[in-house]
Amino acid sequence: MAKLSEKRWRSSETDDHMNCRTQTEADRPAPLLRTALIADPRHDWLPIPLLVLTLLSGVIDAVSLLGLGHVFVANMTGNVVLVGLALSGAPGHPATAPLTALGGFVGGALLIRAVPPHRVNSRTLLALCAASESLLLALAATADGDRSLQVLLCAVALGLQNAAVRRVGVPELTTTVMTGTLTGLIGSRAAERTAHGDLRRTLSVLTLLAGAGLGALSVRLVGTQGTLVAEAVGTALVALSMSARPAALRRSAAR
């Protein structure tokens, strides 16, 4: 009996040690980053291109605010507020630009809605969306002098993006809407959150912030048209990246 008890005690001690080591390894930065970004059980490495799209969303809203007439093309909450100001007769707030953006955004979202969910997988949908977005942004860059057309094209592009990202459904990564992201990061109880989820939320907020700053700097240095061209190139690169999974990410996710 004494030997049996000692054996059980040693087995329990070994299990506790293994559990402790597993928990410690899971909490390390590298495994946490890998789980959050390139080894998601359901979405694989899709968080990475979504974060790139988040950066580009910050850029395009900076462009629209600074160069296209103080309107949002990615954040529709702001446009609803601007329309409300216009309807109330607030000076300096015409309704044309925000209504154009809202209409374009809705149109883009409806285009994604028309795509049968069972015929297109997540990666293909994002690739097609990014390619279409790149084309629309390139067209907007060529429409110099016609702000309404530029706003419309950019809003359609971001409507496509928002609807596609929503359908793909990678948790914590919306690419544009940060209200819910901040609420989840700050307002949720600890039991409702995970470490990799909090990391995604934090990266999402910081990436959008960086994109807005980068967009403002780009408008100042190369102008609205130049920034739209850069935005079109960026989304084209996202589309290309979705066509094949990089070997380096495959090896990293397999570790």
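The values are calculated or read from the model by the stated rules, or taken from the named source; none is laboratory data. Owing to the predicted nature of the structure, the values given are computational and were not obtained by experimental measurement. Backbone-built Cβ (ideal geometry, glycine too); neighbour counts: all protein chains shown.
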(request) Tally the residues that are under 10 Å from the mean Cα position of the chain (by Cα) and buried (at least 22 other Cβ atoms within 10 Å of the Cβ), restricting the search to the range 163-173. (result) 3
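Filter the range 86-105 down to the residues that are of a type in the set (A, V, I, L, M, F, W, C) and surrounded by fewer than 16 Cβ atoms within 10 Å (Cβ to Cβ) and list them by number.
Residues of the range 86-105 of a type in the set (A, V, I, L, M, F, W, C): 86-87, 90, 95, 97, 99, 101-102, 105.
Listed by number, the residues that qualify are LEU87, ALA90, ALA95.
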(message) Could you tell me how many of the residues in the range 178-205 are modelled with pLDDT of 85 or more and either more than 11 Å from the chain's Cα centre (by Cα) or crowded, with 17+ Cβ neighbours inside 10 Å (or both)?
(response) 5
(request) Quick one: which helices (runs of 4 or more DSSP H) lie wholly within the range 94-193 and hold at least 1 residues that are of a type in the set (Lys, Arg) and in contact with a Pro (Cβ under 8 Å, 6 or more places away or on another chain)? (result) 147-168
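Residues are listed down the side, and each one gets a yes or a no for (1) small (Gly, Ala, Ser); (2) under 27 Å from GLY180 (Cα atoms); (3) at pLDDT 95 or above:
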| site | (1), (2), (3) |
| --- | --- |
| LEU99 | no, yes, yes |
| LEU102 | no, yes, yes |
| PHE105 | no, yes, yes |
| ARG113 | no, yes, no |
| ARG123 | no, yes, no |
| LEU128 | no, yes, no |
| ALA140 | yes, no, yes |
(request) May I ask you to verify whether VAL156 is of a type in the set (A, V, I, L, M) and more than 29 Å from SER241 (Cβ to Cβ)? (result) no
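Look through VAL59, VAL52 and report the one residue that is assigned to a helix (DSSP H, G or I), surrounded by fewer than 21 Cβ atoms within 10 Å (Cβ to Cβ) and modelled with pLDDT of 90 or more.
Every option except VAL52 fails the conditions.
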(request) Answer yes or no as to whether ALA164 is touching a helix residue (DSSP H, G or I) at 6+ places or on another chain (Cβ under 6 Å) and in contact (Cβ under 8 Å) with a residue 60 or more places away in the chain. (result) no
(message) Please go through (1) surrounded by fewer than 16 Cβ atoms within 10 Å (Cβ to Cβ); (2) under 23 Å from ASP44 (Cα atoms); (3) touching a Leu at 6+ places or on another chain (Cβ under 9 Å) for HIS118 and return the number of the only condition it doesn't satisfy.
(response) (3)
(message) Quick check on my filter: what residues within the range 225-242 are buried (at least 20 other Cβ atoms within 10 Å of the Cβ) and under 12 Å from GLY67 (Cα atoms)?
(response) THR227, LEU228
(request) For residues that are assigned to a helix (DSSP H, G or I), more than 28 Å from the chain's Cα centre (by Cα) and over 12 Å from HIS70 (Cβ atoms), tally how many sit in the range 83-93. (result) 1
